[in-house]
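Since the structure comes first, as structure tokens, the remarks are kept for the end.
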Amino acid sequence: MFSRRALGFLLALSMGLGIAAGAHADDRIVVTGSSTIAPLMAEIGKRFEKLHPGLRVDVQSGGSTRGVTDVRAGLSDIGMVSRAMSDDERDLVAYEIARDGIAIILHRDNPLTELSRRQIVGIYTGRVTDWSEVGGKPGRITVVNKAEGRSTLELFLAYFRLGVRDIVAHVVIGDNQQGIKTVSANPGAIGYVSIGTAEFEASAGTPVKLLGLEGVPASVANVKNGTYPLSRPLNLVTRPAGGERLERFIGFARSAEVDDIVADQFFVPSHP
Amino acid sequence: MRISSLFPRTRDGHIAFGLGAVSCLASGILLLILVFVFGEAWPALRTIGVLRFLSDTAWYPTDNAFGLAPMLAASFALAAGALILAAPVGVAAAIFRLYYAPAWLKTPYRGLVLLLAGTPSVVLGLWGLMVLVPLIARLEPPGASLIAGILVLALMIVPTVAITAEAALESVPRSCWAAANALGLGREAALLNVVLPAAREGVAGGILLAGARALGETMVVLMITGNIVRMPDGLFAPVRALTSNIALEMAYATGDHRASLFVSGLALTLLVFLLSFAARTGRRMRYV
């Protein structure tokens, strides 16, 4: 019985990892990379397929890093990268399709409305362990961090100038939903998730609230107008001279024609 | 022995051939998976070395630290804790249904056990995250902890223990009961001294099977144990199991990080193999 379970698990695992779909078929555009962008590209792809019958857009997630390596290795046509491009990635061409922000979230019952940069660093490095030390109701702080390899973690670390080893966390989570659930179930918790997800959950009545940063409230609107500091671009990357077919698709993904899809996923559209 | 004598050209022989082929296929696939996991883990085993996976004290795969020992310990502690809780309860549940429950209760009771056995682990995990973890957090923050994992895992494997223990108890020949009664033993004495000892290897096998299930469980531990990589130093400490390590990081891992996750998988597989090996040796011991 167990061996069949293990078998199923491993089989699923190996299938999930084994997909190294060949790119370059004329009727197929392979897009891989960031799991933040993947649901968005899947929707955009569906709409593009409707406009261009016979063409298929194949979207697979696996992280921003995979997005870059797959394009370089020729395993995909387009990579999805949910961060600013780094200097050693200049060999690829990046197109920003939208922006996403990261919101620091607390339980709704936590009376605090803002934390300074120093206080957040103190909490995440384990120097501050009680809410009373930062002006809150006395109670132990539960630090919720993201698993290694996630671009949300990278962005968070880069913004607060921390290394992976500096963080002293109590709970490590995978995706945004798990973060929302963990924080909403624990009045002493602090975590960070995609701002779109956080704003949606807070407005839907989930007991979480978004903390402002540097005096700017965390909201999709402030990501859009560029004032919210903890935000990131969502990029599509290709090799130079990707061809007319890819250019048309990327142009479509950056056009106003897909604004409604971008907004549905709580991102903020960027137009060229 | 010639193949033709193994599978004679009779109806029975055809069935035997079909069954043989299917079981070869099944074990062949399992073998291929093992080879695949080993192959994916190999780059890490070669460049990082088996020793460092055991001796590194921390797990920062993106920063060149690959200690699996805390997660091995955590997986073991979770499974052992769950077994300590679930084994007596499961066996007691089996004894209750078989020998003590009133007739009208037997069928619905079995239905209940089967329902629990069939509950998807993600549902139990969600319950653990939304109900159990906040309760534990009130006692001792952060709540997501070893004990939360042990409790939900125990709940999950109780039916496995109960169902296998029932089967083992039922397979004890009626004559054992008759002989015990003839010796003047009452129900309690016959159960404790005759029937349970006679069924013990089946019961133990079921318990080890449940242990293997607890070791391999991913969703529940991922959701409620906190996933912090550190040696379990208390029941309320957050821990990360080998399974959740793979599930948490695999989607985003590349290079050595990815290969080292396959090493976690390999370590887990070895742990489970050891357990089922122990179960089989334990069963054989009785006939020695």
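What follows draws every value from the coordinates through simple rules; no lab data is involved. Because the structure is a prediction, the values reported are computed rather than measured. FYI the Cβ positions are ideal-geometry reconstructions off the backbone, even for glycines, and counts take in every protein chain you see.
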task: Specify which residue in the list A:Thr142, A:Met85, A:Ser116 is farthest towards the positive end of the charge dipole of chain A, using unit charges on the beta carbon of Lys, Arg (+1) and Asp, Glu (-1), about the Cα centre.
output: A:Thr142
field: Within-9-Å neighbourhood charge of B:Glu166 [Cβ basis; K, R +1; D, E -1]
entry: +1
- prompt: Could the peptides B:18-25, A:27-34 be put in order, highest first, of the mean number of other beta-carbon atoms found within 10 Å of their residues?
  reply: A:27-34, B:18-25
task: List A:His170, A:His52, B:His257 from most exposed to least, where exposure is judged by having the fewest other Cβ atoms within 10 Å.
output: A:His52, B:His257, A:His170
statement: Taking Cα atoms only, helix B:11-47 is inclined relative to the longest principal axis of chain B by an angle, in degrees rounded to 10, of 30 degrees
task: Give me the net charge of A:Thr69's neighbourhood, meaning all other residues with Cβ under 15 Å from the Cβ of A:Thr69; Lys, Arg count +1, Asp, Glu -1.
output: -1
query: Which cross-chain or sequence-distant (5 or more) residues have an amide H under 5 Å from the amide H of A:Gly101, H modelled 1.01 Å from N in plane?
result: A:Ile195, A:Gly196, A:Arg232
query: Which of the peptides A:70-78, A:187-195 is most tightly packed, and how do the rest follow, judged by the mean count of other Cβ atoms within 10 Å per residue?
result: A:187-195, A:70-78
- prompt: What are the residues whose amide H is under 5 Å from the amide H of A:Arg83, where those residues sit 5 or more places off or on another chain and H is modelled from the backbone?
  reply: A:Asn235
task: Calculate the translational D of the protein assembly as shown in whole µm² s⁻¹ from Stokes-Einstein, where the hydrodynamic radius comes from the Kirkwood formula applied to all Cα pairs, the temperature is 37 °C and the viscosity 0.692 mPa s.
output: 124 µm²/s
query: Just how far, in whole angstrom, is segment A:73-139 from segment B:76-107 if you go by their alpha carbon centroids?
result: 46 Å
field: Kirkwood Rh and Cα Rg combined as Rg/Rh, segment B:3-47
entry: 1.37
message: Restricted to Cα positions, what overall size does segment B:59-282 have along the principal axes? Three whole-Å values, descending.
response: 71, 39, 28
Estimated FRET transfer efficiency (A:Arg127, B:Arg280; beta-carbon r; R0 56 Å; 0.05): 0.60
- line: The Kirkwood hydrodynamic radius of chain A, taken as the inverse of the mean 1/r over all distinct Cα pairs, in Å, comes to 19.9 Å
- line: The extension gain from B:Val22 to B:Asn193, computed as 0.36 nm times the residue separation minus the Cα-Cα distance, is 57.3 nm
message: Just to be sure I understand: with springs between alpha-carbon atoms less than 10 Å apart, which residue in A:Glu133, A:Glu244, A:Glu154 has the highest mean-square fluctuation in the Gaussian network model of chain A?
response: A:Glu244
- request: Would you mind getting the Kirkwood hydrodynamic radius of segment A:33-188 from its Cα pairs, rounded to one decimal in Å?
  value: 17.8 Å
- line: Residues meeting the amide H criterion for B:Ala65 (H placed from the backbone, H to H distance under 5 Å, 5 or more places apart or on another chain) are B:Tyr60
Selection from B:Ile228, A:Ala38, B:Leu132, by position along the positive dipole direction of the protein assembly as shown (Cβ): B:Leu132
query: Antiparallel as a % of all DSSP beta bridges within the protein assembly as shown, to the nearest 5?
result: 60 percent
query: Given charges of +1 on the Cβ of Lys and Arg and -1 on the Cβ of Asp and Glu, with all other atoms neutral, how large is the dipole of the protein assembly as shown about its Cα centre, in debye to the nearest 20?
result: 1860 debye
Cβ-based charge dipole, chain B, positive-most Cα from B:Leu114, B:Gly216, B:Phe262: B:Leu114
field: Ordering of A:117-130, B:261-274 by packing [mean C-beta count within 10 Å, highest first]
entry: B:261-274, A:117-130
field: Length-normalised contact order of chain A in % [C-alpha pairs under 8 Å, at least 6 apart]
entry: 25 percent
